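What follows is one structure encoded as structure tokens, with my remarks underneath.
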Amino acid sequence: MGDCCRDAQPFRLCSGLRFLGYIMILLVFAIVAVSYYAVIVVAWGPQLLHGGLLSILAFVIVLLFHLLLVLLLWSYFMVVFHDPGAVPVGWQPASKGTYSALENSVILADHIAIDTRESEFSSTEGSGRRPSIRYCSHCQNNKPPRSHHCSVCQRCVLKMDHHCVWVVNCVGARNYKFFLLFLFYTFLETVLDSLALLPHFIKFFGDARNHSGSPGNLAVTFLSFVLNVAFALSLLCFVVMHTSLVLSNTTTIEVYEKKKAVEWKYDLGKRKNFEQVFGSNKLFWFFPLFSKNDLHDVPALHGLDFPTHSDIEV
């Protein structure tokens, strides 16, 4: 969702997307509430008191449900409230001397063929002569590598992946890990809910025919099962897609750009690519947190500096 919204009508659409995001947050909590009621209150919570193997199975399901729910919500809140990273005002490349004349020409003529000039700068990327310097005509600011302008957030986002209406926020360099963990734990939760509710879903049809059981509980169980199966199948596609993107060190926006490249310069190997998003400390990989060492030693987590093939070779 890059540099769009150039006139009044799309701007209204972008504002509508932000409002839609708040509705999505309520929808997330509604789905969690329905699933909790169906799995814990109706299906497996009462089984804890029966004793025997069934009680042990119920304890395992209830424990896993709450563990995944905590990790899911923790990751979700981190995506919603954590800044993906915005381009600092007046940002300049690290080596300023080589580009001073070029930067001045862009600033003085920012209303004249900006897009043409930007494409010319980008064409030098990978040639070995100098890195590209891009300029955002909306923010009136230079853009670091891999950053893009979000028309919903109205700013340039560092290593922007996409704007997600489900979290009312952009997914970028500083919260991409949290977004991936949210996808992963939500997928596991929906799979667990689907398996836990499957016997009760099958039993639903017998109870419906015999008019036994509470109609409200039957309806909630049926609805929760269908929702969880649908979300599990949908999330599986997203988990597979983003796993592929992480292992190739590519964002959703960069997929097309990568196809045109002979060799993707940010691809440092699967292990290093993974660490560019999750850090190198294994203890923090499955939690929406970064260690102090990773924040200090992995520049890509800050979204301004990204190692490339040439850096590794040197």
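The values are calculated or read from the model by the stated rules, or taken from the named source; none is laboratory data. It should be emphasised that the depicted structure is a prediction, and the values quoted were computed from it without experimental measurement. Note that we place each Cβ from the backbone using ideal geometry, even for glycine, and neighbour counts take in every protein chain shown.
Listed values, structure above:
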| read-out | value |
| --- | --- |
| Flag for ILE107 being in contact with a helix residue (DSSP H, G or I) (Cβ under 9 Å, 6 or more places away or on another chain) and at pLDDT below 85 | no |
| Any hit, segment 212-223, residues being of a type in the set (Phe, Trp, Tyr) and either touching a residue at least 24 places away in the same chain (Cβ under 8 Å) or in a loop (DSSP other than H, G, I, E, B) (or both) | no |
| All positions within segment 273-294 that are within 19 Å of the chain's Cα centre (by Cα) and part of a helix (DSSP H, G or I) | ASN273, PHE274, GLU275, GLN276, VAL277, PHE278, PHE284 |
| Some residue of segment 80-97 being at pLDDT below 85, in a helix (DSSP H, G or I) and out of contact with any Leu (no Cβ under 9 Å at 6 or more places or on another chain) | yes |
| Segment 28-50 residues that are assigned to a helix (DSSP H, G or I), paired with ones that are among the aromatic types (Phe, Trp, Tyr) and surrounded by fewer than 16 Cβ atoms within 10 Å (Cβ to Cβ) (beta carbon under 9 Å, 6 or more apart) | TRP44/PHE59; GLN47/PHE59; LEU48/PHE59 |
| Tally of residues being among the hydroxyl-bearing types (Ser, Thr, Tyr) and surrounded by fewer than 23 Cβ atoms within 10 Å (Cβ to Cβ) across segment 141-181 | 1 |
| Tabulated pairs, segment 195-208, first buried (at least 16 other Cβ atoms within 10 Å of the Cβ), second β-branched (Val, Ile, Thr) and at pLDDT 95 or above, C-beta under 6 angstrom, 6+ apart or interchain | ALA196/VAL39; ALA196/ILE61 |
| Search result, residues across segment 247-265 that are at pLDDT 95 or above and buried (at least 19 other Cβ atoms within 10 Å of the Cβ) | ASN249, THR250, THR251 |
| Failed condition for VAL152, given (1) more than 30 Å from ASP305 (Cβ to Cβ); (2) touching a residue at least 24 places away in the same chain (Cβ under 8 Å) | (1) |
| In segment 246-269, residue farthest from the chain's Cα centre (by Cα) [restricted to those that are in a helix (DSSP H, G or I) and free of Cβ contacts under 8 Å to residues at least 40 places away in the same chain] | LYS260 |
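Each row is one residue, and each column tells you yes or no for (1) touching a helix residue (DSSP H, G or I) at 6+ places or on another chain (Cβ under 7 Å); (2) modelled with pLDDT of 95 or more; (3) outside the structural domain of LEU181 (by TED's automatic domain parsing); (4) not basic (Lys, Arg).
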{"residue": "LEU223", "(1), (2), (3), (4)": "yes, no, no, yes"}
{"residue": "VAL229", "(1), (2), (3), (4)": "yes, yes, no, yes"}
{"residue": "ALA232", "(1), (2), (3), (4)": "yes, yes, no, yes"}
{"residue": "LEU236", "(1), (2), (3), (4)": "yes, yes, no, yes"}
{"residue": "MET241", "(1), (2), (3), (4)": "no, yes, no, yes"}
{"residue": "LEU245", "(1), (2), (3), (4)": "no, yes, no, yes"}
{"residue": "HIS296", "(1), (2), (3), (4)": "no, no, no, yes"}
{"residue": "GLY303", "(1), (2), (3), (4)": "no, no, no, yes"}
{"residue": "ILE312", "(1), (2), (3), (4)": "no, no, no, yes"}
